[in-house]
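Below: one structure, written as structure tokens.
The values are calculated or read from the model by the stated rules, or taken from the named source; none is laboratory data. Only a predicted model underlies this, so the values are computations on that prediction, with no experimental measurement involved. Cβ coordinates were reconstructed from backbone atoms using ideal geometry, including for glycine residues, and neighbour counts include every protein chain displayed. Calculation scope for accessible area: heavy atoms of the full protein, side chains included, ligands and nucleic acids excluded. Shrake-Rupley method; radii C 1.70, N 1.55, O 1.52, S 1.80 Å.
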Amino acid sequence: METDPRKRFSPRVENYIKYRPKYPVEVLEFLWDELRLTPASVIADIGSGTGISSELFLKAGNCVFGIEPNREMRIAAEKCLQTYPNFGSLNGTAEATGLDSGTVDFIIAGQSFHWFDRVRCRSEFSRILKPGGWVILMWNDRKQETSFSNAYESLLKAYAIDYETIDHRLIKEEAFDQFYGGSDWRLRIFDNQQIFDREGLKGRVLSCSYMPMPGHPNYEGMRNALGELFDHYQQDGVIMMDYQTLVYYGSILPSG
């Protein structure tokens, strides 16, 4: 399994585009109401991938810079978002964005946050943010409250290659304290959901960097088990996957 986050998603781009969850519009409404996001706000989307989070803000009229080190995902985002003239695509990382100092009002980062060097990136974020700027960390976290979600989690653990070492849920409160420079960060939670047919559920699984692809020894067993899982839990030919969209927000405070 490829360990470099700049490469490990390359064979999964198509599934990522089709089957990863988007973000609910309530996230935008919260940022408008509470953090004074406006259409004039400039956004840096760090680890922007195929542009799922960028599009949320582009639709609201924001200028968005997508910072993505993976070539295949960056190209996919450029294609998916080509109708938005206010989208800029950069080959950069959280630690070296390529943006000028003091040029963005909001930094957003999704599940790529667990790949960041948090000491180096907070210095870079401080550099590119305008005074009073916000850092928003947000991702969709699968709910674990139903028999389907528990069975799905068991399948991931049974067939994944390195799931339990890179799961973003391993990030604890202390990491946010360290990243933001204190405990003055907040969390808002929103409901989210996807509905999958059989092929969609398979695509959702294969969009995950830790799941086996065709040709891997675990793949056939995983594919068969996933089919059995779908057959057992489907209703009218579909499965519902429920999420909590977690939105962490705060300012980068000086260290020490």
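Per-residue surface analysis assigns Tyr233 an accessible area of about 60 Å², computed on protein heavy atoms at 1.4 Å probe radius.
Roughly what would the spin-label model give for Ala158 and Glu14, points 7 Å off Cα along C-beta, in nm? Taking the two extended label points, one gets 2.7 nm. Within the straight-line cut-off of under 28 Å between alpha carbons, the lysines reachable from Lys130 are Lys22, Lys59, Lys172, sequence neighbours fewer than 8 places apart in one chain being disregarded. Taking label points 7 Å from Cα along the Cα-to-Cβ direction, Arg127 and Val25 give a separation of 3.8 nm.
Note down, for segment 48-185, the three equivalent ellipsoid semi-axes (square root of 5 times each alpha carbon gyration tensor eigenvalue), biggest first, whole angstrom. Walk me through the numbers before you get to the answer.
Numbers: eigenvalues 152, 84, 40 Å².
Working from the Cα gyration tensor, I get semi-axes of 28, 21, 14 Å.
Using the Karplus relation 6.51 cos²θ - 1.76 cosθ + 1.60 with θ = phi - 60°, the per-residue 3J(HN,Hα) values for segment 46-56 come to 8, x, 6, x, 8, x, 4, 6, 4, 5, 4 Hz, with x marking Gly and Pro. Within the straight-line cut-off of under 15 Å between alpha carbons, the aspartates and glutamates reachable from Lys79 are Glu14, Glu55, Glu68, sequence neighbours fewer than 8 places apart in one chain being disregarded. Estimated from helical segments only, the mean residue ellipticity of the chain at 222 nm is -10500 deg cm²/dmol, where each DSSP H run of four or more residues counts as -39500 (n - 2.57).
Sorted largest first, the principal axis extents computed over the alpha-carbon atoms of the chain equal 53, 34, 33 Å.
Straightening the chain between Thr103 and Glu34 buys 22.7 nm, computed as 0.36 nm per residue apart minus the Cα-Cα spacing. Can you compute the FRET efficiency between Ser251 and Val119 using 1/(1 + (r/R0)^6), with r the Cβ-Cβ distance and R0 = 22 Å? Round to the nearest 0.05. That pair, Ser251 with Val119, gives E of 0.80. Comparing Cα centroids, segment 181-247 and segment 7-51 end up 18 angstrom apart.
Measuring with a 1.4 Å probe in the full set of protein chains, what accessible area per residue, in whole Å², belongs to the chain?
Ligands and nucleic acids excluded, the result is 48 Å² per residue.
In this rough spin-label picture, where each label sits 7 Å from Cα along the Cβ direction, the Asp177-Asn150 distance is 3.2 nm.
Any idea what the relative contact order of segment 102-162 is, in percent, if you count C-alpha pairs under 8 Å spaced at least 6 apart? It comes to 42 percent, rounded to a whole number.
With contacts taken as Cα pairs under 8 Å at a separation of at least 6 residues, the chain carries a relative contact order of 22 percent.
Ser53 contributes about 10 Å² of solvent-accessible surface, heavy atoms of the protein only, 1.4 Å probe. Per-atom-type breakdown for the chain gives carbon and sulfur 48% of the accessible area (1.4 Å probe, protein chains only). Look at the alpha carbon pairs under 8 Å that are at least 6 residues apart: their mean separation over the length of segment 190-246 gives a relative contact order of 64 percent. Comparing mean-square fluctuations of Ile136, Ile108, Ile161 from a GNM of the chain with C-alpha springs under 10 Å, the top value falls on Ile161.
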